Structure formats: C-alpha cells, structure tokens
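Encoded as structure tokens, the structure appears first; notes follow it.
The values are calculated or read from the model by the stated rules, or taken from the named source; none is laboratory data. Remember, it's a predicted structure, so these values are computed and weren't measured experimentally. Using ideal geometry, Cβ is built from the backbone for each residue, glycine included, and neighbour counts are taken over all protein chains shown. With ligands, DNA and RNA removed, areas are computed over all heavy atoms of the protein, side chains included. Shrake-Rupley method; radii C 1.70, N 1.55, O 1.52, S 1.80 Å.
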Amino acid sequence: MAALRAFTDVQRVVLNWQYSALRTRWYYLTSNHQYSTSHEHNEKTFDKILIANRGEIACRVMKTCKKMGIKTVAVHSDVDSAAVHVKMADEAVCVGPAPTSKSYLNMDAIMEAIKRTGAQAVHPGYGFLSENKEFARRLAAESVTFIGPDTHAIQAMGDKIESKLLAKNAKVNTIPGFDGVVKDADEAVRIAREIGYPVMIKASAGGGGKGMRIAWDDDETRDGFRFSAQEAASSFGDDRLLIEKFIDDPRHIEIQVLADKHGNALWLNERECSIQRRNQKVVEEAPSTFLDPKTRKRMGEQAVALAKAVKYSSAGTVEFLVDSKKNFYFLEMNTRLQVEHPITECITGLDLVQEMIRVAKGYPLRHQQSDIPINGWAVECRVYAEDPYKSFGLPSIGRLSQYEEPRTLPGVRVDSGIQEGSDISIYYDPMISKLVTHGNTRNEALKRMENALDNYVIRGVTHNIPLLREVITNPLFIKGDITTKFLSEVYPDGFKGHSLLPNEKNELLATAACLYVALQTRSYRFLNNTRVPIAKNDVKSWELSVHLDGNSHSIIVTRNKDQFSVEVDGTNVNVFSEWNLSSSLMSVNVGDTHRTIQCLGRDAAGNLSVQFLGTVYQLQILTKHAAELSKYMPEKVEEDTSSIVRSPMPGTVIAVSVKPGDMVSEGQEICVIEAMKMQNSMTAVKTAKVTSVHCKAGETVGEGDLLVQLE
C-alpha cells in the first residue's frame, strides 16, 4: 500500500506540472498582441525552430512559431528549468548552470541541443548569441539556418569601428571621432583631448548600453576606459573600445529596417528612445513627436542604404542621434530584433518575427515601401525589477509572490517571460516585462499606459513602475520636449517618487482613512456574525489621526453603507468604493475623481502601505486616543551610515581597492560591484581610515551587505 501511495503521489506531481505547463502555454498564446500573423498555409518554412534565448523574447518568438505551425525548442540553464519559456516550448534542453557563460553563451551545449532535437533553424532573440558571428558560422557549417542576417553583415555592423567606416562610404551621416581601436587609458586621454570633451567611450562589439561611458575630463576618461573595457570583456568577450564626440542634448531615434535575400529593403518608420538611464532605454514610443515627414524619409532612406551596402537580410535597426536642428548622425546598427520592436508592430501591423522567419527561409518581402503605414501611436515601458530611487534603477532580486498583468485593458500588450512564483535572480537581466499600449492618438496611448501601470500588480521585488508613471505623466514628456538627458535634468537630485499636489494629498488621506475603517469594520464580523459579542457594529463616525511624510492630519470619517463622507483638515470629500479587501486592486471614487490603488501591506500598529499614482506611500492611521498615547513611544534611532559602505544592490564583487589601515579620501573608489553585467564603483563618503574590509573579489553580496567599515 505504501508503494502504491508513493506511486500515486508521483503521478499527482507529474500531472500538476503538466497542467501548469499547459495552462501557461494557453495563457500566452491567447493574449492580446496588437499585430497580425497572416500565415499562408501553403508557404513552407521550418518544421522546428530552437530559440537560443530565455525570458520574454523566447516567449515572444514562440507565439509566432505556434501560429505558423512550427514546433519550438527551448534551451535553459538549470535555474530556469521551471521558467515560462520552458513550459511554452514543445521541447526543452538544459544547456548548463546559471552563469550565462556556462549556459546561454555556451555554443557547444546549444549546438548539441540542436543535434538532439533536430531543429532546422535557430532564432537568437536579442543579447546573448544574437550578434555573435562565430555562432552564425557554426550553424551554417551544420546546415542549420540562422534566423538573422548573414555572417558578413553581423561582423561588419557588430564592430562599431568597421560599421562607422561602412556608413561613411554609404553616405550615411556619422559622428566625428577616432575610427581606430584605443590601446590604453593614456591613448584614450590623448584622443579625447583631440576630439574635444565631452566624449563617448564605447565597446566596439557592444550593445544594450553595456561598455559605454561619457567622459567630461581626463580622470573620467581613464575611469571610463577601465570600466568600459571590463564590461565589454564580460558581456561580449571583446574589450576593444573606440571614442567619438558626445552629442550633447540629443534625441535617440532609431529606424526599423527589414530586408530580404533578393535585394529588397524597407524602413518601417522610427522609434523614439530618448528616455534612458546609463545609456539603457526606459520608455520608447513610435512614431516620434519630433520628426517631420521629410526628416523621417531621409533617415529611412539612409538606413536602407546602409542595409543594402552590407547586403543585409532580416529585421535590423539603424540607430541615430538627432540634435535640436534635426541633424542626425549614425550611432550603430543592431543586427537583430530589438527589445522595443512591439511598438513598431503596433503602428504597422506587421509581425516582425514572422518576417524574419520568412526571410531566413528565402522568401522575398511581401510589402513595398508605400504599403508601410503609421497606424496610431504606441508607447512601451520597460518594467524592471529595480529600485528607481537608486540611480534611477539598481537591480532588485526576489520571488514574485503576487503577479497580475493588465492584459484585459483595451489597447494593452504585455510581453513577458515570468509568472507568479518566478524568481528574479542576479544572473540575468532584471526585466519583468515590456508593457505596451496602442491608441489612435498619442494622448490615448499615454492615458492607456497610465491606466495599465496603475493596474499592474507586482509583489515580491522592488520595481520601477513609480518612475515609469512619473515619466509618461510629466508635462515635458507629454509635450514631446525630451532628450537623452531627460531623467538627469528633470530629477537632478535623483528620483524621489511622485510629489503630491494639495488635492492629491487630500485624496490619498481620505482614501487611506476609509480603507482603514473598512478593514476595522471587517475585522468585527465573521460569516455575517460579530466576532466578539461586545464589538460595536453600529459606529457611524470615526475620529482618526493620519501620519504622512512627517505630518499628522486630523480626519473624521462618517459611513453610509459603501460611501464615506470624509473631513480632511477641515475639507469635506465623498469617497465611494466596493471595498473588496481581498482584491489586489481597488477602484475608488474620491469626489469626481477615479483612482486605482493597491494596498500593499498593513499591520496592527496602524501602518498602511498604499500604491497611489504609481508611488508607494507609508501612512500610519490611529484613532484619536491611540495617537495621543503614541507620543510616549520611543523612536528608532537611524543608523549612522557615514562610516560604513554597504552594497546598494545584489551582485558580485569584481575588485577591492583598499585594505585595513589604508587612508581613503571622499569619493575614492573602495570596491567594484557587478550586477546584471553592469559594473558600479563604490566610493567613500568621507576622508577616513579603513578599519575593516568585509568582502573580497569573486564573492556574491546582497543588497545592504556591509562591504567596508571606516573609522
């Protein structure tokens, strides 16, 4: 009997896993995409495609493959064995342990997976091996189709030095700079002086903002050379750098191109990608508010000219910097699918993954330039597991304890590769999803994005929704008055969250007070009976003290069924909601204003955590009597951080520059922490003596871990 029970338990576990996998696949295949995969059933492409990537881009490719009747193979590291892209695929192969160098960048393991599964083609997604010419060569040697451009185009455009020379020859506008490889920090300083500060130091084989630094003087050039070289070697296996003039106050606008193997090439309009932090995009939109039809056409034609010059075939992106006078300069060409491709799909209706698969099989393009529309407006927000209050976003790790995407809202598309229970680890990019909204006008697309962000539930990790919502509702962004310096100029002292206007503060205070009353009222009852016989269920009015941002507010709440009349510091407002306290989202009407809020946490001491207008606010709500008694409670003494250096994020210690007994000056580097392939220098906050060092190179540290103690 024991053996029979054990067998039954095993069966149950297997069935539960299979059901979970099927449910995940159904959920992602039936979601709203905002693009059309019009497949001709008599048009033969591939029987089976391996996706050499993970996360949301692997899921995105699989969606189109399923619609085209193509079987899919997922590759994964051991820590990704239960990932969404693994469950979505028809087959899955483990290619190694968690570090990318031993799994997703392990060409030998991926080639073996191709042989084992009989995959006829490989889609590389973006990042990892997507622009690796050696990987493309190995696939060709095994007669496996690479769903991307030919090797010569990857090599030419993947090398920023060679690509710049090719762009010049193709009569594409280029940025002034040094066209060779920079040998060392001394040569970097000499070249920077010749070009004139500021300069951009960038990895020759780079992309995604990695291996890029802006330098305004000699010291920053030396530091930039060191960090860029290290990041480039870590991310791309190539530490070569180049230097060019930094175009101050530019816009970052890119042109999507699509080309086939028959000499045809199209430009699919532009994407505005100027909202960035650390050279990585945060918010994108298509089209751009800045371009007029004439400039758009010129940029598109130059992008196509470059694609034809390198005999490009597949989807690709030509990136430009555009100054205030609409002069544009070639930045780089990405020979792969871009992260932000969904907004182009929204305004054109094309499925770019399908077009890549068709081109890889040898079919000519189905469209002409005159067929490409600009249908409405699309906005994309990159939702990251990051703390936006630290340098506009330092990585956060953890498990998604609760996760609900706003997919049911009109005009909303969510490209993700995670689900409730997924882990965000230190090994991979901290992206949670790409949240996309589409509307007939820009204003409609932005309003839909605002609503989608308010209805996005993410618990278990810190996320950047507060920053995203502030950007898309900022008056300068709404006017289209933006550059790549937007974040640093709008938030010169760093992002602090939403600054409440007086009416918004009253809305928050009134809503929080009503939520407190609703919670208290519910606690009195159980299955429509009073929990405690002496409980006062006929209370109609509450006198409360609400503490917010260091200030106390006197609030009187009067209840009439589901509606409350609230007096906030002498101002009256009516608040109505169904008060579904079990729901992660609450719809509340405060006067004539509708708000969607989230109650993130509460405790018996009256502390309430509420997400309101994207930002999380901490309030303490007490009865009038409890508030008077709280004055006698001792306050917690804040930690003195002037003599310690803690890690601001989880990551790996790359280098330690000090030892006990050393004297350090303010701003001096103490150690370097790498998180998600980006290196960050930890510096001393004062001149002092090092008393102890609590980390060493190669160690993994968590957020808040003590690194160095100063005297």
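Quick one: is V122 in a strand (DSSP E or B), touching a His at 6+ places or on another chain (Cβ under 9 Å) and surrounded by 18 or more Cβ atoms within 10 Å (Cβ to Cβ)? Judged against the criteria, V122 is not a match.
May I ask you to verify whether N474 is surrounded by 15 or more Cβ atoms within 10 Å (Cβ to Cβ), in contact with a Gly (Cβ under 8 Å, 6 or more places away or on another chain), polar (S, T, N, Q) and over 25 Å from T348 (Cβ atoms)? Judged against the criteria, N474 is not a match. Pairing each residue of region 458-485 that is among the polar types (S, T, N, Q) with any residue that is open to solvent by 20 Å² or more (accessible area, probe 1.4 Å) and assigned to a helix (DSSP H, G or I), provided the two are 6+ apart or on different chains, yields C-beta distances under 8 Å for T473/E450; N474/V490; T483/E489.
Out of A518, A510, one residue alone is part of a helix (DSSP H, G or I) and modelled with pLDDT of 95 or more. It is A510. Looking only at residues of region 393-416 that are farther than 19 Å from C59 by Cα and among the hydrophobic types (A, V, I, L, M, F, W, C), we find that the one that is least open to solvent (accessible area, probe 1.4 Å) is L394. Checking A140, A167 one by one, the residue that is closer than 23 Å to L258 by Cα, in contact with a helix residue (DSSP H, G or I) (Cβ under 8 Å, 6 or more places away or on another chain), assigned to a helix (DSSP H, G or I) and open to solvent by 20 Å² or more (accessible area, probe 1.4 Å) is A140 and no other. When you look at V693, is it in contact with a Lys or Arg (Cβ under 7 Å, 6 or more places away or on another chain) and farther than 24 Å from T462 by Cα, yes or no? Spelling it out, V693 is indeed in contact with a Lys or Arg (Cβ under 7 Å, 6 or more places away or on another chain) and farther than 24 Å from T462 by Cα.
Of (1) without any contact (Cβ under 8 Å) to a residue 40 or more places away in the chain; (2) more than 21 Å from the chain's Cα centre (by Cα), H123 satisfies all except one. Which? Only one criterion is unmet by H123, namely (1). Against the list (1) over 27 Å from S583 (Cα atoms); (2) free of Cβ contacts under 8 Å to residues at least 24 places away in the same chain, the condition K447 fails is (1).
Can you confirm whether K245 is over 15 Å from F486 (Cβ atoms) and at pLDDT below 95? Yes: the conditions hold for K245. Looking at (1) open to solvent by 80 Å² or more (accessible area, probe 1.4 Å); (2) more than 39 Å from the chain's Cα centre (by Cα); (3) hydrophobic (A, V, I, L, M, F, W, C), which is the only condition F576 fails? Answer for F576: the failing condition is (2). Only one entry in S523, S552 is under 40 Å from the mean Cα position of the chain (by Cα), modelled with pLDDT of 55 or more and assigned to a strand (DSSP E or B), namely S552. What's the total number of residues in region 297-341 that are assigned to a loop (DSSP other than H, G, I, E, B) and either modelled with pLDDT of 95 or more or touching a helix residue (DSSP H, G or I) at 6+ places or on another chain (Cβ under 9 Å) (or both)? Of the residues in that region, 11 qualify.
Would you confirm, using the coordinates I've provided, whether T72 is free of Cβ contacts under 8 Å to residues at least 60 places away in the same chain and either open to solvent by less than 10 Å² (accessible area, probe 1.4 Å) or aromatic (F, W, Y) (or both)? Taking the combined requirement at face value, the residue satisfies it. When region 378-392 is limited to residues that are surrounded by 22 or more Cβ atoms within 10 Å (Cβ to Cβ) and small (G, A, S), the one that is nearest to Y456 (Cα to Cα) turns out to be A385. With respect to L619, is the statement that it is of a type outside the set (K, R), closer than 24 Å to I555 by Cα, outside any loop (DSSP other than H, G, I, E, B) and without any contact (Cβ under 8 Å) to a residue 40 or more places away in the chain true? Considered against the rule, which asks whether it is of a type outside the set (K, R), closer than 24 Å to I555 by Cα, outside any loop (DSSP other than H, G, I, E, B) and without any contact (Cβ under 8 Å) to a residue 40 or more places away in the chain, L619 comes out as no. If the condition is being farther than 28 Å from T511 by Cα and touching a Leu at 6+ places or on another chain (Cβ under 6 Å), then region 603-643 contributes only S643.
The set of residues in region 417-453 being touching a Pro at 6+ places or on another chain (Cβ under 9 Å), within 20 Å of L600 (Cα to Cα) and open to solvent by 20 Å² or more (accessible area, probe 1.4 Å) consists of N451 alone.
Only one of the listed residues (T45, T24) is modelled with pLDDT of 65 or more, open to solvent by less than 60 Å² (accessible area, probe 1.4 Å) and among the polar types (S, T, N, Q). That residue is T45. Identify, please: which residue in region 84-107 is in contact with a Lys or Arg (Cβ under 8 Å, 6 or more places away or on another chain) and buried (at least 24 other Cβ atoms within 10 Å of the Cβ) and is, among those, nearest to Y427 (Cα to Cα)? For region 84-107, the residue satisfying everything is Y104. Checking each residue in region 338-357 for being open to solvent by 10 Å² or more (accessible area, probe 1.4 Å) and within 22 Å of G263 (Cβ to Cβ) picks out T348, L350. Going through (1) in contact (Cβ under 8 Å) with a residue 40 or more places away in the chain; (2) crowded, with 19+ Cβ neighbours inside 10 Å; (3) of a type in the set (A, V, I, L, M, F, W, C) one by one, A684 falls short only on (1).
For region 586-616, what are the residues that are surrounded by fewer than 19 Cβ atoms within 10 Å (Cβ to Cβ) and not in a strand (DSSP E or B)? Within region 586-616, G591, D592, D603, A604, A605 qualify. The condition of being farther than 30 Å from I597 by Cβ, among the polar types (S, T, N, Q), buried (at least 21 other Cβ atoms within 10 Å of the Cβ) and out of contact with any Phe, Trp or Tyr (no Cβ under 6 Å at 6 or more places or on another chain) holds for only one of S647, S642, that being S647.
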